[in-house]
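The values are calculated or read from the model by the stated rules, or taken from the named source; none is laboratory data. Owing to the predicted nature of the structure, the values given are computational and were not obtained by experimental measurement. Note that we place each Cβ from the backbone using ideal geometry, even for glycine, and neighbour counts take in every protein chain shown.
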Amino acid sequence: MTTLGCSASDVTTLQGFLGSTANAAGLSQFLCSKFDGVSSQMDATTFAVNNTYLLFSAYLVFAMQLGFAMLCAGSVRAKNTMNIMLTNVLDAACGGISYYIFGFAFAFGTSSHTNGFIGHYNWGLVDIPNTNFDYSFFLFQWAFAIAAAGITSGSIAERTQFVAYLIYSSVLTGFVYPIVSHWLWSTDGWLSASKSLGPGSLLFGTGAIDFAGSGVVHMVGGIAGFWGALIEGPRIGRFDKTGNGMVFRGHSATLVVLGTFLLWFGWYGFNPGSFVKILVPYAGFRGNWTGVGRTAVTTTLSGCSAAITTLFAKRLLDNHWSVLDVCNGLLGGFAAITAGCSVVSPWASIICGFVSAWVLIGLNRLAARLHYDDPLEAAQLHGGCGAWGLIFVGLFAQKNYILQIYGGADDRPHGLFMGGGGKLLAAQILEILCITGWVTLTMAPLFWLLKRFHLLRISPEDEISGMDVTRHGGSAYHHHDGSDHSTHLHSMNGLKRPDEGPTGNYAGV
Amino acid sequence: MGSWGCADGDLLTIQGLLGATAGNATGLSEFLCSKLDGVSAQLLATNYAVDNTYLLFSAYLVFAMQLGFAMLCAGSVRAKNTMNIMLTNVLDAACGGISYYVFGYAFAFGVGGSTNGFIGHFNWGLSGVPNSTFDYSFFLFQWAFAIAAAGITSGSIAERTQFVAYLVYSSVLTGFVYPIVSHWLWSSDGWLSASKSVGPGSLLFGTGAIDFAGSGVVHMVGGIAGFWGALIEGPRIGRFDKSGNSMIFRGHSATLVVLGTFLLWFGWYGFNPGSFVKILVPYAGSTFKGAWSGVGRTAVTTTLAGSTAAVTTLFGKRLLDGHWNVLDVCNGLLGGFAAITASCAVVSPWASIICGFGSAWVLIGLNKLAARLHFDDPLEAAQLHGGCGAWGLLFVGLFAEQNYVQQIYGGDPGRPYGLFMGGGGKLLAAQIVEILAITGWVTVTMGPLFFALHKFRLLRITPEDEMAGMDVTRHGGQAYIHADGSEHMMHMSTINGDKKHNNQTPMV
Amino acid sequence: MGSWGCADGDLLTIQGLLGATAGNATGLSEFLCSKLDGVSAQLLATNYAVDNTYLLFSAYLVFAMQLGFAMLCAGSVRAKNTMNIMLTNVLDAACGGISYYVFGYAFAFGVGGSTNGFIGHFNWGLSGVPNSTFDYSFFLFQWAFAIAAAGITSGSIAERTQFVAYLVYSSVLTGFVYPIVSHWLWSSDGWLSASKSVGPGSLLFGTGAIDFAGSGVVHMVGGIAGFWGALIEGPRIGRFDKSGNSMIFRGHSATLVVLGTFLLWFGWYGFNPGSFVKILVPYAGSTFKGAWSGVGRTAVTTTLAGSTAAVTTLFGKRLLDGHWNVLDVCNGLLGGFAAITASCAVVSPWASIICGFGSAWVLIGLNKLAARLHFDDPLEAAQLHGGCGAWGLLFVGLFAEQNYVQQIYGGDPGRPYGLFMGGGGKLLAAQIVEILAITGWVTVTMGPLFFALHKFRLLRITPEDEMAGMDVTRHGGQAYIHADGSEHMMHMSTINGDKKHNNQTPMV
């Protein structure tokens, strides 16, 4: 925080300057009291502006949860809609409690002594707010944490027991994800690009740059989903005996588009919001506000170019214009640019989106060939495009943007194609390997154990009739309620309650 | 709002301090003061700009709750009444906009020469706005609150109410009943207000009732109005059979319910944290704490209360009913939000978990009670907003933290706070008075209104309309048309279109 | 943007003022100036940060309107064309992003050494951005406006247009036609601009046309383009029978229409108030009024105009058609918003009620006219955005307030304002010129384009496609699959999936 007021010695200095003037002490104190007043108001303004910015960004990121819910709901068959929406609501709700109690502490708990692997302070938000973190930062990070779990729930949709969901979701949001975010985003994380321990402490002199989480959020969610979907196996009927893929269409394209647009909307909190502070001047008219705006532009362009690339590519390959593919392409472009959004130029983001579209198309083909079934393509989209995004940073990151955001010396490594050497690329590849390894080591055994104990997959009967009817109290849609041709009032719509009678525990749904 | 320039006497002070020795004491003083005055004016402008930006975007979020209500209500009713309930939600916002502009705001916040603790009576039609206290953004924020109350009530009386009755009660509620309650609590001269400006000792019980974002003002008002409406109308046909068994009337789309719930959650971040109105307010005694910390903390308590209520409901209903139900979880979540709304700014995050846990059981309990008493509220609005709202008001009296109350409402250091926090029972007493006063006021006004509508046969639709659904009979057709007949039609002229009959009015 | 530090000569001024008497006049002067410079730099940074925060979040809200359009369009067409229209909405945003980045922004706002009142030709691919005038946030905000225009047109030609035709017209509209109109009105050197910077007396009629947020630039452009598209394509098959009667083609989901309408309402709070671009601008002569009051007032006028139009439509249609129709109310609401968009910042709240009232009747009238002339616009986009937009431009000329025009556009105190406010007819004349110029320009560019597409058989789909619906024939299948066959299936291999034929490319 800038000090615009008078420091302790300033009063003495001022008195010296004034010399023998009538009342040097009084004048000095008068002037300094004015400057102190101005300074404290400026500080307050800075806090207010930065917190306003961060809070509204957090609200936008939260809106992504709604986007996920609608995207997932539209992408599954009608009979499993209630199930997947419940998991999305609970990602947010359970995540709120666990991230409050210990998740935030694992991720950002920093105090006297540091630990590059895991944080262990600020349990239950004790000592928050402090000079570094206010409640708004917690809220922003919570909204990120629940996004990771949302990704995974897409991969294992339509065939996973609800209890298994509760377990993996708690572990992912409460433990696996916070540790990865500690590595990259905490000031003392071993992979961090802005480590505060001192110069030379950065990995390869640069650290890995994952500005808003292509790796931290998307790869973590995608790889967890990959293991879950792989261990569960494909949905019944998804591949027939001769190995042909069947098209399992979601039940509502409208919901998919709704969800995609909401995710796009929320991504403007996700990427630009990751600056955390907007009132940071650089020079002249430039400041973090420029970076924030540029980040919004790169995000937009990457998604746009991925969407258009997908449109024409799928037209060539499959011969129709498919809005569902375009939506997924768009999201892949966003997932890819998330790592580099703040450190690449707008023109480069178009390249990022273009390639991410082909990454997604290629991985989807590979998945079909390997009989890997992921109802939302989440592993391919978030895992694959996320990894591409991390590599992209190592190729196209601009030096001046890195210096503005992460500081450091003038010779700090930047993108290979920008003439910044291969060190940043090496750090990015290390990040990919570490995240893949860590999530594999933690989540794969978890899913495997759940499978051994028969807690992972639902029974074939449940799967065929749909989980909504068997587990979640009924199907999601009732277009006909029986009143159209009812003669007896008591048979309208209402399911007569079984024999419990009037004293039963019915609670008027 | 502070001043960082030169006050009236400052110019002479500097001149005196410079004395006769400086070359040109007058000129120097004027130079310095002009600089400082410039800085001060810019700081003041910044203050206004930041506070208004914050308030306006909060108002937009609160407005988004109206969309949330529309989707929640649409999903919770049967398909045949969807057009009807969505129309009421659109009109809550539209009619409310006009009536709140013309007189509602004046009743609620019109403050002028003379004060009146019961009702405001200045600033009709926004005359005299903006002034140094209120800008247009404040009106917009309060309008978004006012329309939320009417939205709650429309849920309680869904699927069986005449549209004319809706127009009548909605105007009365948004234009008169709600503004007066908000005057009591939130206007600087309201008789229940916790920050009354008319003088020390004027606060009720020395504390006033704390209802930060309106568990009582918004949620109980809407919920109790809905209670009387639903009670006087009686249950929907077939909702309870002759032997008294409950029938399950499922809404037609769980997706819309989840969409609406998430939108309400999104909007609640404007509702609760936005109620600070100003974010650029530093707190004394700290370099980094200010209203911005309070705003953030409020967002956290809101999140935690809703989350806890959702998780509690999930397991509670699993134990009671044997399945994991997303619809119940959504309602539980909203109950947690309605409960924390009163206390969101003055309790610690850990306490908000208790608030949410309690509200989940309040809602489950009241729903069981409603089923037993054959009270039919399609959206559980009376139980949710009325019951959880009342619980939220009590919760303030139990868990309000001393320092948060001080920071937000000011007052002397000995002012009462939460009973369990060691702050005595006075705040709790004031909260109970608020519950009783709101219940009484809404009952006295809305009860007779619904009863009169009932007597004049304007309240409930005919059984035939109710069976067929209001969309077809009153609102020009069904909400959904999935098949338009073109799949297997022979004559082009019959596709989809209903051929116009000659005796109908022309189609436009 | 001001400066609160020491200007070039200030250092010497202070030294002179201090004279020889102060102990160290140079040191003292430098000390004071360094402090003031520090303050100034921080104030400037704050100013940028606040304005950019405000503009960015406004841009996000405007972007949310694209989601609103998508849902509104989806709900307003028949189920069989849902995938098609949603794809166009997604691509409006995606293609628009690339084309507006590469050249659209340069046409609209590219200002450099030489000026050109008709078209901009600098800042290609955002080179030279950010500069002291424009930051990235401004580009984002303008992009969100550009894609809205294309979204309007896609509604007019829904359900019968080839996808290739859509790609062509959408690129031309977003990349060329729209940017040029926005250059005329909103660029500092546009020939119709009300705030032209090239010198006094250079404004058209001494006033320029006032189109604050784009009733003309966005809504009329989209609406008139849609008009020509729909006119050249002709009505959908079966929309008018052989004897000339209108058939009612209902959209497939009223819920989506309401969802879209509310989202558009929500986004309009970015569209209109956001068009101030900067919020931290104090107004002279007041301590508490500034752009923030104008922003708030704009949100209020927007709300009131839409609300009035909705309520007017409700009762108007009830009288005409005999039922309370939520779809009509939604369209009326949007018409009110489209109308107030031009004048939102320069009229008083009470006047906005008149604006909304008028726009409701404009829309009802034009819809009747369209039905009589057998003009088929599935979303009433030409009537709504074109008609109400034109009414909104006229409204500025009648009701613009002098002091608001002064505060926003500056200029000499005698500049013209609304006719009914006593400001003379010059502003009205400029508004009429804008209407004619936009109508002419869009007609001259888009009319021949649609006609050429028509001639080359690229515009309209085949009757077979139109009957079966485009989703099945062009877009890979239907939007909704409610039953997947698993309910009564015997062989697992047939569940839901369409068995892939061996000669097809592998499914991905």
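Side notes on the structure shown:
- Residue within segment B:210-229 that is within 14 Å of chain A (Cβ to nearest Cβ), farther than 30 Å from B:Gly418 by Cβ and surrounded by 23 or more Cβ atoms within 10 Å (Cβ to Cβ) present: no
- Checking each residue in segment A:130-164 for being polar (S, T, N, Q) and under 14 Å from A:Gly273 (Cβ atoms) picks out A:Ser136, A:Gln141.
- Contact annotation: no residue pair with Cβ atoms under 7 Å, 6 or more positions apart or on different chains, pairs a residue in segment C:82-98 that is aromatic (Phe, Trp, Tyr) with a partner that is surrounded by 24 or more Cβ atoms within 10 Å (Cβ to Cβ).
- With a requirement of 3 or more residues that are under 26 Å from the mean Cα position of the chain (by Cα), the helices (runs of 4 or more DSSP H) lying completely within segment A:375-474 that satisfy it span A:386-396, A:399-406, A:423-452.
- Filtering segment A:416-431 to residues that are at pLDDT 95 or above and small (Gly, Ala, Ser) leaves A:Ala426, A:Ala427.
- Residue that is surrounded by the most Cβ atoms within 10 Å (Cβ to Cβ), among those in segment B:262-308 that are among the hydroxyl-bearing types (Ser, Thr, Tyr), at the interface with chain A (Cβ under 7 Å from one of its Cβ atoms) and in contact (Cβ under 8 Å) with a residue 12 or more places away in the chain: B:Ser307
- Positions within segment A:131-152 being within 11 Å of chain B (Cβ to nearest Cβ) and either under 13 Å from A:Ser57 (Cβ atoms) or surrounded by 24 or more Cβ atoms within 10 Å (Cβ to Cβ) (or both), in sequence order: A:Asp134, A:Tyr135, A:Ser136, A:Phe137, A:Phe138, A:Leu139, A:Phe140, A:Trp142, A:Ala143, A:Ile146
- If you check A:Ser186, A:Ser214, A:Ser201, A:Ser194 for being surrounded by fewer than 20 Cβ atoms within 10 Å (Cβ to Cβ), in contact (Cβ under 8 Å) with a residue 40 or more places away in the chain and polar (S, T, N, Q), only one passes: A:Ser194.
- Boolean, C:Trp361 is without any contact (Cβ under 8 Å) to a residue 24 or more places away in the chain, within 14 Å of another protein chain (Cβ to nearest Cβ) and out of contact with any Phe, Trp or Tyr (no Cβ under 8 Å at 6 or more places or on another chain): no
- Flag if A:Ala63 is aliphatic (A, V, I, L, M) and either outside the structural domain of A:Leu330 (by TED's automatic domain parsing) or touching a Pro at 6+ places or on another chain (Cβ under 9 Å) (or both): no
- Which numbered condition B:Gly410 misses (of (1) buried (at least 17 other Cβ atoms within 10 Å of the Cβ); (2) under 15 Å from B:Phe212 (Cα atoms)): (1)
- Every residue from segment B:342-352 that is surrounded by 24 or more Cβ atoms within 10 Å (Cβ to Cβ) and either in contact with a Lys or Arg (Cβ under 9 Å, 6 or more places away or on another chain) or not hydroxyl-bearing (Ser, Thr, Tyr) (or both): B:Ala342, B:Cys344, B:Ala345, B:Val346, B:Val347
- Between A:Ile361, A:Ile405, A:Ile391, the distinction of being surrounded by fewer than 24 Cβ atoms within 10 Å (Cβ to Cβ), of a type in the set (A, V, I, L, M) and modelled with pLDDT under 95 belongs to A:Ile405 only.
- The set of residues in segment A:276-300 being of a type in the set (Phe, Trp, Tyr) and either facing chain C (nearest Cβ under 8 Å) or without any contact (Cβ under 8 Å) to a residue 40 or more places away in the chain (or both) consists of A:Phe285, A:Trp289.
- Residue count for segment B:231-256, restricted to those that are surrounded by fewer than 19 Cβ atoms within 10 Å (Cβ to Cβ) and charged (D, E, K, R): 2.
- Enumeration of residues in segment A:242-265 that are within 7 Å of chain C (Cβ to nearest Cβ) and of a type outside the set (S, T, N, Q): A:Gly245, A:Met246, A:Val247, A:Phe248, A:Arg249, A:His251, A:Ala253, A:Val257, A:Leu258, A:Phe261, A:Leu262, A:Phe265
- All helices (runs of 4 or more DSSP H) inside segment C:69-164 with 3 or more residues being among the β-branched types (Val, Ile, Thr): C:82-99, C:136-156
- Scan segment B:320-348 for residues that are within 17 Å of B:Leu393 (Cα to Cα) and in contact with a His (Cβ under 7 Å, 6 or more places away or on another chain) and the total you get is 2.
- Test result for A:Asn364, closer than 24 Å to A:Ile236 by Cβ, within 12 Å of another protein chain (Cβ to nearest Cβ) and under 19 Å from the mean Cα position of the chain (by Cα): no
- On the stretch given as segment B:335-358, residues that are among the hydrophobic types (A, V, I, L, M, F, W, C), touching a residue at least 12 places away in the same chain (Cβ under 8 Å) and within 11 Å of another protein chain (Cβ to nearest Cβ) total 2.
- Within the set B:Ser171, B:Ser193, the sole residue that is in a loop (DSSP other than H, G, I, E, B) and of a type in the set (Ser, Thr, Tyr) turns out to be B:Ser193.
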